[in-house]
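Each remark here refers to the structure printed beneath this line.
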Amino acid sequence: MAVTSEPRAQEGGAAPRHRSATRSLLRLWPYVRPVRVRLFGAAGVAVVASCLGLVIPLVLKWMVDGPVAHRDPGGVWLGGALLLALGTAEAGLFGLRRWLVGRPLASVEAAMRADLYRHLQRLPVSFHDRWASGQLLSRATTDLMLLRMFLAFPLTFLVVNGVTILAGFAILLSQEWTLGLVLVIPAVPLVILCSLFETRYSTVARTVQDQTGDLTTVVEEGVLGVRIVKGFGRHRSQARAFRALSEQVRATELRKARLLATLWALIMTLPELAIGAALVLGTVRVADGDLSAGTLVAFLSTALTLRWPVESLGFLLAMSQDAATATDRYFDVMDAEPATAADRARPAPSREPGEGGEEREGEGGLRFEGVEFAYADAPPDEPPVLRGVDLHIRPGETMALVGATGSGKTTLTALVPRLHEVTRGRITLDGRDITALSREELRALVAVAFEEPTLFSATAGENVLMGAADAGREELLRALKVAQADFVHALPEGTDTEVGEQGLSLSGGQRQRLALARAVVGSPRFLVLDDPLSALDVHTEALVEAALRRVLASTTALVVAHRPSTVLLADRVALLSEGRIAAVGTHQRLLRESAEYRSLMSGQEAEEGERSP
């Protein structure tokens, strides 16, 4: 595995770009709006709690200049009780703030994650082809966790600390403006430092989050492909690739840490120097009698109270930049619009009569009219994968699709359920353009089974019933029988047996039969099968074919075929050559008239003769 220094997210069209952190974070408002009352209430409570902390120095001033100076024990006790009450109230208000934001922000995170998942399901297959799965996983987990933490703490305390600093400096200047100016002067270099920090830190933060996505991808691939890794003894090379990516993440995290440490050191040093200067100057003035001891105590107490709001700026800015980067990464995906045929389709090209393999015959069934398809990221000078495909599958007919490897068979079948959108032309089901159907209606009409079956971490029965939302036990058993998947009943818990991630606890043939059962369980009007019997042994294939004939008799089907036995399931055969329909006819007719078809079927004539009716 080659390890590159650039995050793989850029390959998916999500190249890092600098934008204002504020502009990025404002995009979260639609999700925050439903909980804004509690969020603003929590910020208000925190502001009141923080301002109570500024009252404490004023009480100290009263105590030092009053009861302490006049040796009044009762006043000292009263002041102590007042300080205890203020501290208790401050702690209680901060606890209330945490309670106010806990549940709502967990709901915000859940809503964003649900929206991301729904959007991923709506995006075209071409999007998922470009994006590494680890990048998507990191956005759905780590990035959303960062956003929840930002909304719960940094967002609130950027407001709270800002108000606290303004109120505190107003109190300092009102108490003794000359000493107040000593503390205000460092604010100018701090603002400049924070601006420089934001620009540099945002770049590093984006890099480390993209690298984390790449690392997630490597882990996922290593786990899902553990059989290949072990089978070929590649565990050492995989470990080296993982270590290399881990070192990249570590190096970038250290860059982040150095930036944050530098900023924090300066943010802490400048205020400390200013407080020290104010202490020296104030002590001299108290000694000269120009300032009361109580005023100096209150002034220094207020300055010390402001230490945390000022020193936390580096920490809060860092978390804000991380959150802004996470927001950009989240909306990199959410901004990807599902491609629609209305956006990309063009009128079907004109053609001479008879061109494309057959004449038009009625509007029923499944029809391809002048269909062209090219991948969005294909070079401009590269010819389309499919070019001017015209094909009509009559109602109740089974059409076998045959062609050499790379001729576009799988791509053509993927256009029917709109896993890809046609670039030109149109596809109709019983005369209705598939782009005029909602995806829910389309996929209720069309069922698919692919050559490489995909199963989910669920029971065998649940995997099959994904093919029809309203199917019950009876339909499940019928589908299992059609697909010759009765092996399910011998599993430890029958149809309730968990098949594991990707169904890897089953053999390839068993997975393929379950996928076929999923396709037929809903008795669909249109059936698209991409070489659904490739992993079956000869005996099982014959049993499945016999049962499948009965299903195909009551549906309109397009079946990608590589074996003559599969071709013989069809009423007619379409030969796809270099993205075009080269010929359409019965199996026997094409054997007589098409040299290319004979070449594809070569070596199988004896088997064909035995299977032909």
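The values are calculated or read from the model by the stated rules, or taken from the named source; none is laboratory data. From a predicted model like this one, the values you see are computed outputs, not experimental measurements. Cβ placement follows ideal geometry from the backbone for every residue including glycine, while neighbour counts extend to all protein chains displayed. Only protein heavy atoms, including side chains, enter the accessible area calculation; ligands, DNA and RNA are left aside. Shrake-Rupley method; radii C 1.70, N 1.55, O 1.52, S 1.80 Å.
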Practice prompt. Inspect region 77-99 for any residue being open to solvent by 60 Å² or more (accessible area, probe 1.4 Å), closer than 30 Å to THR216 by Cβ, in a helix (DSSP H, G or I) and of a type in the set (D, E, K, R) and give the result as yes or no.
Written response: no
Worksheet item: For residues in region 376-428 being among the acidic types (Asp, Glu) and at pLDDT 90 or above, which is farthest from LEU533 (Cα to Cα)?
Response: ASP390
Worksheet item: Name the residues in region 395-447 that are under 27 Å from the mean Cα position of the chain (by Cα), closer than 28 Å to ARG598 by Cα and open to solvent by 20 Å² or more (accessible area, probe 1.4 Å), would you?
Response: THR410
Practice prompt. Could you please find all residues in region 48-76 being more than 30 Å from ALA152 (Cβ to Cβ), open to solvent by less than 40 Å² (accessible area, probe 1.4 Å) and in contact (Cβ under 8 Å) with a residue 40 or more places away in the chain?
Written response: MET63, GLY66
Discussion item. Tell me the residue from SER523, SER577, SER554 that is open to solvent by 20 Å² or more (accessible area, probe 1.4 Å), at pLDDT 85 or above, under 42 Å from the mean Cα position of the chain (by Cα) and within 26 Å of LEU429 (Cα to Cα), please.
Written reply: SER577
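In this structure, does LEU137 turn out to be among the aliphatic types (A, V, I, L, M), open to solvent by 50 Å² or more (accessible area, probe 1.4 Å) and either in contact with a helix residue (DSSP H, G or I) (Cβ under 8 Å, 6 or more places away or on another chain) or not in a helix (DSSP H, G or I) (or both)?
Criteria met by LEU137.
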Worksheet item: For region 43-78, which residues satisfy the criterion of being on the phi > 0 side of the Ramachandran plot and under 50 Å from the mean Cα position of the chain (by Cα)?
Response: none
Fill in: Scope region 396-448; condition among the charged types (D, E, K, R), part of a helix (DSSP H, G or I) and out of contact with any strand residue (DSSP E or B) (no Cβ under 9 Å at 6 or more places or on another chain); matching residues
ARG439, GLU440, GLU441, ARG443
Fill in: Residue match in region 477-487 (condition: open to solvent by 10 Å² or more (accessible area, probe 1.4 Å), more than 26 Å from the chain's Cα centre (by Cα) and within 29 Å of SER126 (Cα to Cα))
no
Fill in: helices (runs of 4 or more DSSP H) lying entirely in region 141-253 (those with 2 or more residues that are exposed (fewer than 13 other Cβ atoms within 10 Å of the Cβ) and at pLDDT 80 or above)
154-175
Worksheet item: Across region 31-47, which residue is modelled with the highest pLDDT among those that are buried (at least 17 other Cβ atoms within 10 Å of the Cβ) and among the β-branched types (Val, Ile, Thr)?
Response: VAL32
Practice prompt. Residue by residue through region 455-476, note down the ones that are open to solvent by less than 60 Å² (accessible area, probe 1.4 Å) and not hydrophobic (A, V, I, L, M, F, W, C).
Written response: THR459, GLY461, ASN463, GLY467, GLY472
